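Each remark here refers to the structure printed beneath this line.
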Amino acid sequence: MEAMMTGMINNIFFIIFPIIVYQMLATAGQRNFFVSHRVTMTVLFSISIILCMLFPYQFLTDQYIFDLRQVPMIVGALYGGPIVSAMLFLVSSIGRIFIGGDGMYIAILNQFIIAAGVPFLRPLYMRINRLRKIALVFCISIASLLFNMFAGAFFFGDPLDDIIGIWVMLMINQGTIIVLTALLIEHMQRQEYMYNSLLKHEKMETVSHFAAAVSHELRNPLQSIKGFIQLMKEYEYSREKQVEFHDLILREINAAEDLIDDYLVYAKPTYGQLEPTAAASEVRHVLKIMAPYATGKDVEVHFAEMDETVEILVDRHKFQQALVNIIRNGIEAMPDGGTLSISVKSSPAKVWVEVTDKGVGMTKEEVQRLGEPYFSNKIKGTGLGLMVTYSIVSQMNGQVLVDSEKGKGTEFTLEFPNFANSENE
C-alpha cells in the first residue's frame, strides 16, 4: 500500500508540474493554456506523460501496473485542440512502444481514440460552465478506462467478475485526479480573467478620471473667455478696456495651454537630454523662484542639509517642475504659515531630495492614493501636479517616497541613483 501511495503521489506531481511551471513562467495577463504558449505547454505535457509512464505503480494487486498518462492526454486534447492532441498521442505511443509488454496494442489504440475523439468535444467543453466541465472530463476518463477493461477481457480472457472491482477503483482514482486537474486549470483561468478585467477596469477608470479632470479644469478658462467675448460683442468699450479684456483672454488661453501640457507630460512624458546635474544647485534655483510665494503664505524655508557636490542624471527643466509641485504642496499644506525644511543627502548609491512641512498631514489611505488621477486633498485641487511629479520622477529612474501623519506634517523624498556610482559601473 505504501508503494502504491508513493507511486500515485509521484504521478500526481508529474501532472501538476507543467501547470505550475507554466503559471510561474508565463507573463501575467497572457496565461491562456495552449493558446498564448502552445508549444511550451505541449512540451511540458509531453514530459508529464513520459514521466507517468516511466514511473507507474501497482494498484491493489501485483497484477495491475497503472499510471496516470491519460490525465494530461485528455486535458491537453480539451484545452489544446487537434494539433496538441496529435503531438501528445505521438509522444505517448512512442513511449509505450519502448516500454513494450502485454497490452501495448490496447494502450496505443486507447490513446489513439482519445487523441482522435476528445478534440471534437473541445468546442462544447469551452462553452459549458465549470460544473459541466467537471462532469465531462470525468465521463471521458471513465469511458477510456472502460475501453481498457473490456478490451483486456476480450483479448486476454480475464473474467469481468474478477476484475470489475479493481477497475471501478481505477476509474474513481483517475476520475478524481482528472477532475482536480481540470479544477486547478479552471481556477487559474478564472484568476487570469479577473486580472485582465481588473486591468481593463483600471484603464477605463483612469480615462474617466482624465476626462473629468480635463472638462473640470478647462471649463473655467473657457467660461471666462466666452464671457469676455460676449461682453465685447454687446457693449462698446474704450480701447483701454478692450486691451484689458484681451490680456485677460490671453491669460486664460495660456492657462488652458499649460493645463493641456501638464496632462501630456503625465500621459506621454517627453524629455530633453538627461545630463548630470548638481541636485543642490537645482534646489536653490527652484527656491529662488518659489520664495515670493512662500513669503506671501508666511512660510519660512529652512535648509536642513545640503550636499553641494552630489549629482543626479535628470532633465533639469522637468526636475525643476517636479520640485516646484512638491514645494508648492508643502507651502499650501501650512495655511497658517510655518517652516518648510529642505535637504539634499546622498550615499554612494542614492541621492535624496527631502521636502518636509509641518502642515495638515495625511492619513495612510491618502498617502497611498497620491499620484492618482483626480485625487487631491485640496478643495479646488485635481491632483494633477502630483500626477505629473510622479510621472516625471519615475521616467528619470527615480521614485517618490512619502511619510506623513495627520496633523503633524509630511515629508516628500525624491530618490534618484547617484550619478557618480552609475558612472563607475
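The values are calculated or read from the model by the stated rules, or taken from the named source; none is laboratory data. No experiment lies behind these values; they were computed from the predicted model shown. With ideal geometry, Cβ positions are generated from the backbone for all residues, glycine too; neighbour counts draw on all protein chains shown. Please note that ligands, DNA and RNA were not included when accessible areas were found on the heavy atoms of the full protein model with its side chains. Shrake-Rupley method; radii C 1.70, N 1.55, O 1.52, S 1.80 Å.
So, in nm, how far is label residue 102 from label residue 129 when the simple model puts each one 7 Å beyond its Cα toward the Cβ?
About 4.7 nm, to one decimal.
Which value, in Å³ per residue, describes the convex hull spanned by the Cα atoms of region 40-145? Let's see the in-between values first.
Working: hull volume 10.5 nm³, N = 106.
Dividing the Cα hull volume of region 40-145 by its residue count gives 99 Å³.
Kindly write out, for region 401-414 in residue order, the coupling ³J(HN,Hα) from the Karplus curve 6.51 cos²θ - 1.76 cosθ + 1.60 (θ = phi - 60°), rounded to whole Hz, with x marking Gly and Pro.
Using θ = phi - 60°, the values come out as 10, 10, 10, 9, 9, 4, x, 10, x, 9, 10, 9, 10, 9 Hz.
Need one value: the accessible area of residue 201 in square angstrom, 1.4 angstrom probe, rounded to the nearest 10.
Surface accessible to solvent at residue 201 totals approximately 110 Å².
Sequence-distant or interchain residues sharing an amide H contact under 5 Å with residue 350, placed H: which?
418
Could you give the length gained on full extension between residue 176 and residue 222, defined as 0.36 nm per residue of separation minus the Cα-Cα distance, in nm? Each step should come with its number before you reach the end.
On the way: separation 46, 0.36 × 46 = 16.56 nm, distance 6.77 nm.
Fully extending the segment from residue 176 to residue 222 adds 9.8 nm.
Taking the simple approach of a point 7 Å from Cα along Cα-to-Cβ for both residue 198 and residue 54, what is their distance in nm?
For the pair residue 198/residue 54, the computed spacing is 3.8 nm.
Treating the beta-carbon of each Lys and Arg as +1 and of each Asp and Glu as -1, no other charges, what is the dipole magnitude of region 32-147 about its Cα centre, to the nearest 20 debye?
Numbers: 8 positive and 3 negative charges, 126 e Å.
Value, rounded to 20: 600 debye.
Measure up 364/408; 200/318; 297/358; 318/406 against 19 Å on the Cα-Cα distance and list the ones that go over.
Numbers: 364/408 13 Å; 200/318 30 Å; 297/358 14 Å; 318/406 30 Å.
Where the Cα-Cα span goes over 19 Å, the pairs concerned are 200/318; 318/406.
Between residue 408 and residue 245, what is 0.36 nm times their sequence separation minus the Cα-Cα distance? Round to one decimal in nm.
Numbers: separation 163, 0.36 × 163 = 58.68 nm, distance 4.41 nm.
Full-extension gain reported as 54.3 nm.
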